[in-house]
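Values quoted throughout were computed directly from the atomic coordinates according to the rules given, and no laboratory measurement underlies them. No experiment lies behind these values; they were computed from the predicted model shown. Positions of Cβ are backbone-derived with ideal geometry, glycine not excepted, and every protein chain shown enters the neighbour counts.
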Amino acid sequence: MSKLIAAAKQEGTLNVIALPPTWANYGAIIADFQKKYGIKVNSALPDGSSQQEVNAVKTENGTAKAPDVLDIGMAVALANTSLFAPYQVSTWADIPAAQKDAGALWYQDYGGYMAVGYSSKFGTITSLSQLLGPKFKNAVALNGNPTSANAALNGVMMASLAEGGSASSIADGVSFFQKLKAAGNFSPVQATGATIKAGTTPVVFNWDYLNLPSYVGVSNWKVFIPSNAVLGGYYAQAINKNAPHPAAARLWEEFLYSQDVAGGQNLWLEGGARPVEQPAMSSNGSLNGAAAGKLPTVSGTPVFLSATQATDAANYLAANWAKAVG
Amino acid sequence: MAAVTSLGETPITAQARVPRGMQSRRRRRLNVFRYVVFTLFGLFFILPPLAMLRFSLEGAKLGTWSVTAWRQIASYQGSGIPPLLSAIEISLELAVITCAVTLVLLVPTMIWIRLRVQWISRTFEFLCLLPLTIPAIVLVVGLGPIYNKIQHFSLSALMLFWVYVILALPYAYRALAAGLGAIDVTTLSEAARSLGASWLSVMTRVIVPNMRQAILNALLLTTALVLGEFTIAYLLLYNNLQAELYSISRNTPNAGVLFSTATAALLFAFVLLLILSFAGRRRRGRG
Amino acid sequence: MAAAATTETGARPSRAGRRRSIPAVAGTFPFLGYVAVFLLWPTGIVVVDALKNPNGSWAVSNITELGNPLVRGYFIGSFKLCLLTSVLGAVLGAVLAYAVASGNPDGVVRKLYLSASGVLAQNGGVTLAFAFLVLVGPVGLLFHASWFYQFPWGIGLIYTYFQVPLMVLVFLPAIDGLKVQWREASESLGASAWQYWRYVGGPLLAPAFLGATLLLFANALSAFATIEAWENQIAYVVPQQISTALSSEVGLSNVNVADLLALGMVITVAIVMTAYALLQRRAARWLR
């Protein structure tokens with residue numbers, strides 16, 4: 001490990017991509033890493049999608065600007081394993097087997113549950129069907145286009161589960177949004193911190209760690225996860241096979257998976273996301289209890305989409321989404 | 001009708017038929033029309049920037065006022081994101097480089113074509129208008145491999161100028177062509193050549209000074225284009241002003257700095273263009 | 001001397017004139033080379049990849065995909081938006097251009113409006129979308145209208161914000177070219193303003209006006225940043241779908257589809273721009 005640190009410090013730089021500072025506390029994670037090791041972190045394209053990360057790896061291949069490490073959605077990770085270098089972090093054993101690649105090409109890092117964040121001016125929401133009511137005119141938004149963005153696709157899937165459907169078909173979710181649109185409640189405006197603050201999108205379907213009041217920036221923001229639709233999703237880490245700074249890349253991964261009180265896993269927890277090593281950490285006592293207590297409570301069994309379910313959902317959306325809500 | 005063919009001359013006999021008050025009545029109607037149009041359009045154009053200004057002075061709670069957003073332009077830096085100021089610098093430098101390269105590329109070529117290679121002018125015009133046909137988002141897909149090679153030489157965002165020159169071609173071409181078309185290039189160059197001037201002298205000392213207004217126009221349009229360009233910089237993963245603003249808009253709940261920067265960028269470009277337009281002397285009519 | 005050749009044979013220098021060791025056309029090589037590398041080659045890549053499969057093999061039949069109802073839907077969406085904003089922008093812009101042109105040519109008003117047009121024609125993207133957001137949102141300064149979120153009305157209004165200045169920039173030279181004497185002549189013959197425009201001014205300006213409208217159409221078709229920053233939960237227009245095809249992270253990313261849509265756009269805009277070029281040439285004849 002000390003050899004790794006020395007080699008990384010020699011390289012002196014790390015290229016990361018698509019890590020918004022307010023996404024799962026990445027701002028603090030990047031700052032802490034820089035301070036701890038004195039390695040400069042270049043953060044490119046903060047709001048890029050997972051696919052854009054992979055595109056960047058391909059287009060910038062061989063240059064000093066290419067991304068060293070990736071934080072991507074599962075669909076993109078599984079489709080691009082040929083670009084990754086295998087690496088096992090020192091806490092490898094604490095990552096559940098189902099959440100890492102056997103060949104160590106990718107490994108899940110943090111996740112959350114799909115939630116509905118909303119302004120408290122609407123009172124308290126206890127079920128999704130309330131969103132079809134008249135006081136939500138032009139109010140409900142997703143985080144992006146479901147045929148493009150992972151968070152949006154899961155938003156529609158969560159609606160599907162809440163409507164009584166199963167994870168193998170997203171059709172009920174699409175028809176929910178169709179009903180929303182017919183009632184005049186669906187807002188196609190891109191939901192960002194600014195639109196929420198301006199009041200244009202007071203109801204947003206997004207991961208629970210992105211629906212924190214601190215992320216959203218308005219204090220009267222509440223979060224609701226339907227009890228019959230607990231849809232979870234994890235992202236994954238990977239190292240670029242042709243990383244310009246291979247040692248720094250591996251040190252970054254060690255930092256992210258470190259179970260120290262100030263290590264990556266706990267920092268993600270403070271950002272409202274559930275770190276992948278959470279079960280192991282809560283048994284060995286390294287989990288930040290206070291932060292864990294602040295996570296939204298979920299009742300009901302969490303559902304995780306399998307690769308085929310995700311692909312089927314995407315294909316269904318490609319054919320039907322624009323028609324339903326356009 | 002016989003009278004129309006004699007342009008520029010009003011038959012004396014016809015003059016008597018014109019009612020005395022008609023000219024002034026037309027003038028008055030025209031002025032009313034102009035005032036109405038300028039007011040309506042002025043309102044339409046000024047409202048969005050005014051709204052941006054209003055929100056840029058917004059405090060932490062709706063309804064309070066504060067100039068923090070304006071002060072943040074120089075100091076804004078989300079951790080890990082490059083500072084806003086460097087993105088502004090890059091865009092400004094890009095504007096200068098793009099203008100210079102565009103002029104150096106276009107002006108001599110256009111003069112040369114006009115003088116010596118006129119048969120190619122149709123093709124030239126087509127090529128200059130082609131960038132309008134190919135949307136930026138299409139171009140950037142094909143530019144990937146080329147920029148990969150460029151990035152082996154330099155990682156600077158200033159390398160964007162290569163493609164910005166192409167984007168500016170249609171606008172610069174139109175401005176320069178209008179200016180070039182207004183002067184009698186052949187006579188001027190013949191006169192200069194017969195007095196012993198070299199081709200270079202003909203271009204730089206005879207023709208270009210007569211194209212001052214057109215060159216200024218081309219500069220204005222190119223600058224505005226570079227300052228406003230987003231798609232290519234964003235998809236090639238460079239940090240110019242617009243891409244930086246987009247990142248900020250997506251990643252900060254306090255959008256104040258977004259509005260202040262946008263307002264500042266607009267104001268800056270507008271003042272710049274206004275100054276440049278006063279600097280050029282306008283030539284009236286070719287009648 | 002080439003100059004001598006010009007005076008003998010008129011404005012067109014004869015190619016069969018003096019033999020030089022380097023042909024004169026070599027003077028255009030720097031320009032041609034630059035354009036070839038940074039414009040023609042990327043376009044070529046896009047066109048070629050449109051007809052290939054993801055694994056690299058040829059699939060010329062891909063082009064029939066352009067008739068697919070989903071793809072047609074995106075093009076129809078684009079057309080609706082482009083038609084609305086180009087006609088609206090052209091008419092409004094022409095009115096404004098006339099107001100500017102009929103004033104003092106060295107006056108402040110003209111300079112003000114021209115500078116504003118130069119800036120606003122390029123002003124799009126996230127800042128413009130945001131400006132309208134703060135004007136027309138629920139806590140907006142002006143009013144809150146739910147029709148604003150419907151495609152293509154709201155985004156059409158936003159597009160008009162940069163279409164009108166572009167129209168002014170493009171159309172003003174044409175109005176400037178209308179000689180004062182023509183108006184005076186027609187008035188001295190007793191024609192009313194309406195008759196002047198109907199028989200003299202209108203027909204003279206028509207090619208330039210139509211050409212400028214086509215330019216606005218092409219401009220709206222290619223616009224991406226503004227609508228992406230405004231409404232991006234549904235792909236209404238082709239550029240948005242190209243962006244989805246390039247950067248979708250749910251497994252729907254396909255560079256060849258992106259290229260195919262791009263090819264469709266290129267064909268459409270090529271048709272529009274050819275018509276524009278022909279009209280411009282016709283307009284130039286009258287107003288030179």
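Quick notes
- Taking Cα centre as origin and charging only the Cβ of basic (Lys, Arg, +1) and acidic (Asp, Glu, -1) residues, the dipole magnitude of the protein assembly as shown rounds to 4340 debye.
- The orientation-averaged shadow of the Cα convex hull for region C:129-288, equal to a quarter of the hull surface, comes to 12.8 nm².
- Along each principal axis, taking the top coordinate minus the bottom one, the Cα set of region C:106-221 gives 57, 30, 27 Å in descending order.
- Volume in Å³ per residue [convex hull over Cα atoms, computed for region A:93-149]: 157 Å³
- If you wrap the Cα atoms of the protein assembly as shown in a convex hull and average its projected area over all directions, you get 41.8 nm².
- Residue exposure sequence - A:H245, B:H152 - by fewest surrounding Cβ within 10 Å: B:H152, A:H245
- Above 16 Å, the calculated P(r) of region A:7-88 contains 54 percent of its Cα-Cα pairs.
- Full-extension gain in nm, B:A191 to B:S86, via 0.36 nm per residue minus C-alpha separation: 32.9 nm
- Distance histogram in 10 Å bins (all Cα pairs of region B:84-286, percent per bin): 8, 30, 31, 20, 9, 2, 0
- Computed from the alpha carbon positions, the gyration tensor of region B:161-236 leads to an equivalent ellipsoid with semi-axes of 33, 12, 9 Å, biggest first.
- 20 Å binning of all Cα-Cα separations within chain A, expressed as whole percents from 0 upward: 32, 57, 11, 0
- Taking region B:105-182 and dividing mean pair separation by its residue count, relative contact order in percent (alpha carbons under 8 Å, at least six apart): 50 percent
- Sorting the Cα pairs of region B:86-172 by distance into bins of 10 Å, from 0 upward, gives 15, 39, 34, 11, 1 percent per bin.
- Taking each DSSP H run with n ≥ 4 as -39500 (n - 2.57) and averaging over every residue of the protein assembly as shown yields -18000 deg cm²/dmol at 222 nm.
- Positive-end ranking of A:A102, A:T308, A:F84 along the dipole of chain A, with charges on Cβ about the Cα centre, is headed by A:T308.
- Nearest-20 debye value, chain A charge dipole, Cβ charges on Lys, Arg, Asp, Glu: 760 debye
- Legend: Rg and Dmax of region A:181-232, from Cα coordinates, 11.9, 32 Å.
- Dipole of the protein assembly as shown computed with +1 at Lys/Arg Cβ and -1 at Asp/Glu Cβ about the Cα centre; of A:L70, A:A6, B:Q151, farthest Cα towards the positive end is B:Q151.
- Top of A:A290, A:A273, A:A191 by mean-square fluctuation, Gaussian network on chain A, Cα under 10 Å: A:A290
- Contact order relative to length of chain A, as percent, for alpha carbon pairs under 8 angstrom and 6 or more apart: 27 percent
- Translational diffusion of chain C, µm² s⁻¹ [Kirkwood Rh, Cα pairs; Stokes-Einstein; 25 °C; 0.890 mPa s]: 109 µm²/s
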